[in-house]
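Please treat every number below as a calculation from the coordinates, not as lab data. Bear in mind that the values here come from a model prediction, so they are computed numbers and not experimental data. Note that we place each Cβ from the backbone using ideal geometry, even for glycine, and neighbour counts take in every protein chain shown.
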Amino acid sequence: MQLQLASWPDIESYLARTHGILVPIGSTEQHGPTGFLGTDAIAAETVARGAGEAAGALVAPTIAIGMAEHHMAFPGTITLRPSTLIAYVRDYVLSLAAHGFARFLFVNGHGGNVPTVKAAFYEIEAERRARGQGEDGDFRCRIVNWYDGPTVSSVIRQTFGAREGSHATPSEVSVTLHAYPDHRHDRPLDPPVASGSPFYGAADFRRRHPDGRIGSDPSLASAEHGRRIAEAAIADLATHYRGFMAER
Ligand SMILES: [Zn+2]
């Protein structure tokens, strides 16, 4: 069930049964010459919705803009500074917590969000402690990357090997093509596998990685690979969610 397609009585009866929720979070940032700007948000949303179906979990609205400062030398990228994203996540979680939600599993599509979202979780914890809440330890927030589960990571390794790279990867582009098969962008990639060197800030990123990719060959992406990868990620995430909900 998706929160934005439910009515308030649906949420009230859901909360009478359980207090867990999946929160997809991504980014709107360049993904090389062939990947959608919305890749990270679309992939996280696809996996979270599938796992929500499989595990009977409510899926919250996708946080589609993240911390993408290092991609700002490419047009179309939108970023929240870390302090804005912390405030956004804090208000988002505390709104749902006010209704009784207590287990928040963030399903992340953008590695660059992780430090900021974890900082937001500590802000929330500090605020709840100041209010005298949370003494029972039942309230928990966690963030997982959709591509890190044991099954999905092995499917990705077997499918793309070293050509997976770390940004504008064939696996994430495949999942978006599975979700939107009519929106494929085909452009020549030169070199076929991008360099994987580190960078310092947005201008240096573009100087070292002129087409936006890092270490990847997204020409290998296909909707069919995306279907297999998404299925594996959904199974991993549904298992993870059930375990998270069973923790005491
Ligand atoms: Zn990405």
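When DSSP assigns beta bridges and you keep just the ones with both residues in the stretch 3-246, what percent turn out antiparallel, to the nearest 5?
Expressed as a percentage, antiparallel bridges in the stretch 3-246 total about 15.
How do 182-194, 207-219 rank on mean C-beta neighbours within 10 Å, highest first?
207-219, 182-194
What are the chymotrypsin sites (Phe, Trp or Tyr not before Pro) within the stretch 1-94 that DSSP puts in a loop, where the Cβ has at most 10 other Cβ atoms within 10 Å?
Within the stretch 1-94, no chymotrypsin sites (Phe, Trp or Tyr not before Pro) qualify (loop, at most 10 other Cβ atoms within 10 Å).
Roughly what would the spin-label model give for Arg187 and Thr239, points 7 Å off Cα along C-beta, in nm?
It works out to 3.8 nm between the two label points.
Most mobile of Gly50, Gly38, Gly132 per a Gaussian network model of the chain (Cα springs, under 10 Å)?
Maximum among the listed residues: Gly132.
In square nanometres and to one decimal, what's the mean projected area of the convex hull around the Cα atoms of the stretch 140-219?
7.2
Which FRET efficiency, nearest 0.05, do Glu224 and Ser166 yield, Cβ-Cβ r, R0 22 Å?
Efficiency, from the Cβ-Cβ distance: 0.45.
May I ask for the net charge around Val193, where only other residues with Cβ less than 9 Å from the Cβ of Val193 are counted and Lys, Arg are +1 while Asp, Glu are -1?
Combined, the nearby Lys, Arg, Asp and Glu give +1.
Working out 0.36 nm times the residue gap between Glu125 and Met1, then minus their Cα-Cα distance, what length gain in nm do you get to one decimal?
41.9 nm is the gain from fully extending Glu125 to Met1.
Have a look at the chain and give its Rg and Dmax from the Cα atoms, expressed in angstrom.
18.3, 58
Can you give me the long-range amide H partners of Cys141? Hydrogens built in the peptide plane at 1.01 Å from N, cutoff under 5 Å, separation of 5 or more residues or another chain.
Result for Cys141 returns Phe104.
With a point put 7 Å past each Cα toward its Cβ, work out how far Ser195 is from Ala16 in nm, to one decimal.
6.2
In deg cm²/dmol, rounded to 500, what helix-only [θ] at 222 nm does the chain give when every DSSP H run of at least 4 residues adds -39500 (n - 2.57) and the total is split over its residues?
Here the helix-only value at 222 nm equals -15000 deg cm²/dmol.
Karplus couplings for the stretch 194-205 from phi (6.51 cos²θ - 1.76 cosθ + 1.60, θ = phi - 60°), rounded to Hz, Gly and Pro as x?
3J(HN,Hα) across the stretch 194-205, in whole Hz: 6, 5, x, 6, x, 8, 10, x, 5, 5, 5, 4.
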